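The values are calculated or read from the model by the stated rules, or taken from the named source; none is laboratory data. Values in this document were obtained by computation on a predicted structure and should not be read as measured data. Cβ sites come from the backbone with ideal geometry, for glycine too, and all protein chains shown count toward neighbours.
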Amino acid sequence: MIGLLAALAVATLTTSGTETDTTFAVKAGTRLELNQFAGSIAVKTWAKSAVRVVATHSSRVGIEISGGSPVVSIQAVHYRGLPTNVDFQLTVPKAMALNLSGVNTEISVDDSGGELSIETVQGEVTVTGGSKIIQASSVDGEVHLSDATGRIECSSVNGGVQIERSSGPVVATSVNGEITLEAIDSDDVEGNTVNGTVNYQGTLRNAGSYRFSSHNGEVTVIVPERTNATVSVATFSGDFNSDFPVPLTDARHGKRFSFTLGDGSARVELESFQGSINLRRPGNSGGKTTVDKSKSKEKTKETSKSKTKSKNSGEEESEP
């Protein structure tokens, strides 16, 4: 092991029965891979062109570091080949690409500036930073991402997904969890879940595409001032609530309709089978107007009849 670490230009190496502490130099552009069965992986960054590995583990477990440029691999190995439980604390160059995965593993990355691929089965994923391509997922755990720039894909099966203060194309999905997207700067966003709410607060750019859906939960979108968008709404047993009047331009069967804000250049698709759909002004959390398509139709018919009657009787109508 010492020879291997020397080949990786290790600066320091401290090993005791239950702790490994080693630092080795890496070249720019090197990717780090770590696949862990149980325990935790916590990553922070520094300005050095080196990786420090601190691992707390059983005396029957060794830490193997292999490879070099372009990939360095770190692995915990039990001397009998059994699954291991290790807590890793890594310090890496800020721009280093990371590929981290685990089974019963909590994973956190702080202040990264590189590409990220993070996956766990049981455990939370918490990430700050990331660029170019950022992928984070958990089966039984929540996923939190903030301050990322690039193509973002976050998912969970039995947990919520929260993305905030991030820019670039975003896809956030869950089966049994909430989707929360806050302070997003993007022209391409998708958020969907089966059992949970979807909340979006961010840009609605001209010519952008935004798709939000839930089967058993509410969908809420904060609409910035002076938004230009064509909004399509579909809900089976939920209401449509809006903080401002909406002109219905295309009413179809069921509770499916569309309307235009401004010049309508962005495309916004909102769908919920058993939940309400809400359009809110910035800073407002409550609804003001509930739009019911059938009532809107009746009102249109009544207005049309009233206009005809007034015309026939020679009476003039005033502007609303």
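Quickly run through segment 27-36 and pick out the residues that are in a strand (DSSP E or B) and buried (at least 17 other Cβ atoms within 10 Å of the Cβ).
Answer for segment 27-36, where residues must be in a strand (DSSP E or B) and buried (at least 17 other Cβ atoms within 10 Å of the Cβ): 31, 32, 33, 34, 36.
Residue 157 is checked against (1) modelled with pLDDT under 95; (2) among the hydrophobic types (A, V, I, L, M, F, W, C); (3) surrounded by fewer than 17 Cβ atoms within 10 Å (Cβ to Cβ) and fails just one. What number does that condition carry?
Failing condition for residue 157: (1).
In segment 10-26, is there at least one residue being of a type in the set (S, T, N, Q), surrounded by 17 or more Cβ atoms within 10 Å (Cβ to Cβ), modelled with pLDDT of 95 or more and at negative phi?
Checking segment 10-26: not a single residue is of a type in the set (S, T, N, Q), surrounded by 17 or more Cβ atoms within 10 Å (Cβ to Cβ), modelled with pLDDT of 95 or more and at negative phi.
Residue by residue through segment 233-245, note down the ones that are closer than 12 Å to residue 277 by Cα and not in a strand (DSSP E or B).
236, 237, 238, 239, 243
Just give me the residues in segment 46-74 being in contact with a Gly (Cβ under 7 Å, 6 or more places away or on another chain) and assigned to a strand (DSSP E or B), in sequence order.
Residue satisfying the conditions is 73 alone.
Would you mind stating whether residue 117 is assigned to a strand (DSSP E or B), out of contact with any Cys (no Cβ under 9 Å at 6 or more places or on another chain), over 22 Å from residue 92 (Cα atoms) and modelled with pLDDT of 95 or more?
So residue 117 fails the test.
Taking only segment 48-70 into account, find how many residues are out of contact with any helix residue (DSSP H, G or I) (no Cβ under 7 Å at 6 or more places or on another chain) and under 21 Å from residue 94 (Cα atoms).
So the count comes out to 12.
Out of curiosity, is residue 204 aliphatic (A, V, I, L, M) and touching a residue at least 60 places away in the same chain (Cβ under 8 Å)?
Yes; evaluated as a whole, the condition is true for this residue.
In this structure, is residue 207 at negative phi and small (Gly, Ala, Ser)?
Here the answer is no, as residue 207 does not meet what is asked.
When the residues of segment 212-229 are narrowed to those that are of a type in the set (D, E, K, R) and without any contact (Cβ under 8 Å) to a residue 60 or more places away in the chain, which ends up nearest to residue 144 (Cα to Cα)?
Among those that are of a type in the set (D, E, K, R) and without any contact (Cβ under 8 Å) to a residue 60 or more places away in the chain, it is 225.
Here's the yes/no breakdown for (1) buried (at least 21 other Cβ atoms within 10 Å of the Cβ); (2) under 21 Å from residue 267 (Cβ atoms):
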residue	(1), (2)
161	yes, no
177	yes, no
180	no, no
194	no, no
200	yes, yes
208	no, yes
225	no, yes
236	no, no
240	yes, yes
